[in-house]
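Visitor: Take this structure, written in structure tokens, and hold onto it; I'll ask about it next.
The values are calculated or read from the model by the stated rules, or taken from the named source; none is laboratory data. Keep in mind that this is a model prediction, so the values were computed, not measured. Glycine gets a Cβ as well: all are built from the backbone with ideal geometry, and neighbour counts include every protein chain shown. Only protein heavy atoms, including side chains, enter the accessible area calculation; ligands, DNA and RNA are left aside. Shrake-Rupley method; radii C 1.70, N 1.55, O 1.52, S 1.80 Å.
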Amino acid sequence: MVIVAGAALAGCSVTPPGPFPERPAEIDVSVVDMCTALTAEEQAQLGVGAGEARTAELDNGPTRICGWSNYEDGYNYGVQTIADGAEVAMGIPDSTVDVVDGYGVVVETAQETVAPRCALYVDVSETQALRVQVRAIKNDEAGRTPSIASVCERAEALTSSALRNLGGAGS
């Protein structure tokens, strides 16, 4: 507050901060292997094997993706590069801004009642984002669709692992 007051008294304009906090560290997602987002131990905890890497084209350029599936518990996991900053996801209907491990994220939920999906667009650098997604593809033993809250909890945990394993803060 003292800095802001001092700048205002000096006649300088103070630009308000963007939607995200300062990043703990930048991650250049153009050079990291997306399939290293989960360690072998984390894969075992989720009941998935080695990730399946692929590439695709988005409207804004190429993307690299790694995905994992557990067909027994019915969850799919994915980590993907996005060639824009995470703030571009802020226009998605019903998206919210949050923080995971010090990184700003845009949380997007979809299909909350059938195959619920939670995607987090992580602000890893000025010009790139990491998209972390979890989708429930199967109902639980009682025949209920998993709640979007439980799917987003898994997405947040996957985001923490990806940030740690891909070179973010705390790695």
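Visitor: Would you call THR36 in contact with a helix residue (DSSP H, G or I) (Cβ under 6 Å, 6 or more places away or on another chain), touching a residue at least 12 places away in the same chain (Cβ under 8 Å) and surrounded by fewer than 16 Cβ atoms within 10 Å (Cβ to Cβ)? Spell out the reasoning first.
Guide: Values: in contact with a helix residue (DSSP H, G or I) (Cβ under 6 Å, 6 or more places away or on another chain): yes; touching a residue at least 12 places away in the same chain (Cβ under 8 Å): yes; surrounded by fewer than 16 Cβ atoms within 10 Å (Cβ to Cβ): yes.
Yes; evaluated as a whole, the condition is true for this residue.
Visitor: Got a sec? Which of GLY61, GLY91, GLY47, GLY85 is at positive phi and at pLDDT below 95?
Guide: On the way: GLY91 fails: at positive phi; GLY47 fails: at pLDDT below 95; GLY85 fails: at positive phi.
Within the list GLY61, GLY91, GLY47, GLY85, the selection yields GLY61.
Visitor: Quick check on ALA25: is it under 18 Å from LEU120 (Cα atoms), modelled with pLDDT under 95 and open to solvent by less than 50 Å² (accessible area, probe 1.4 Å)?
Guide: Values: under 18 Å from LEU120 (Cα atoms): yes; modelled with pLDDT under 95: yes; open to solvent by less than 50 Å² (accessible area, probe 1.4 Å): yes.
Taking the combined requirement at face value, the residue satisfies it.
To keep it simple, each residue is scored yes or no on (1) open to solvent by less than 10 Å² (accessible area, probe 1.4 Å); (2) among the β-branched types (Val, Ile, Thr); (3) over 28 Å from ALA50 (Cβ atoms).
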| position | (1), (2), (3) |
| --- | --- |
| ILE82 | no, yes, no |
| GLU87 | no, no, yes |
| VAL97 | no, yes, yes |
| GLY104 | yes, no, yes |
| GLU108 | no, no, no |
| GLN111 | no, no, no |
| ALA115 | no, no, no |
| CYS118 | yes, no, no |
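Visitor: Just to be sure I understand the filter: pairs with C-beta atoms under 6 Å, separated by 6 or more residues or on different chains, first member in segment 160-171 and within 11 Å of LEU130 (Cβ to Cβ), second member modelled with pLDDT of 65 or more and outside any loop (DSSP other than H, G, I, E, B). Which pairs pass?
Guide: What qualifies is ALA162/VAL79; ALA162/VAL132.
Visitor: So, one more: May I ask you to list the residues in segment 42-58 that are buried (at least 17 other Cβ atoms within 10 Å of the Cβ) and either touching a residue at least 40 places away in the same chain (Cβ under 8 Å) or in a loop (DSSP other than H, G, I, E, B) (or both)? Show your work before the answer.
Guide: Pass one, segment 42-58, residues buried (at least 17 other Cβ atoms within 10 Å of the Cβ): 42-43, 46, 48, 51.
Hits for segment 42-58 are GLU42, VAL48, GLY51.
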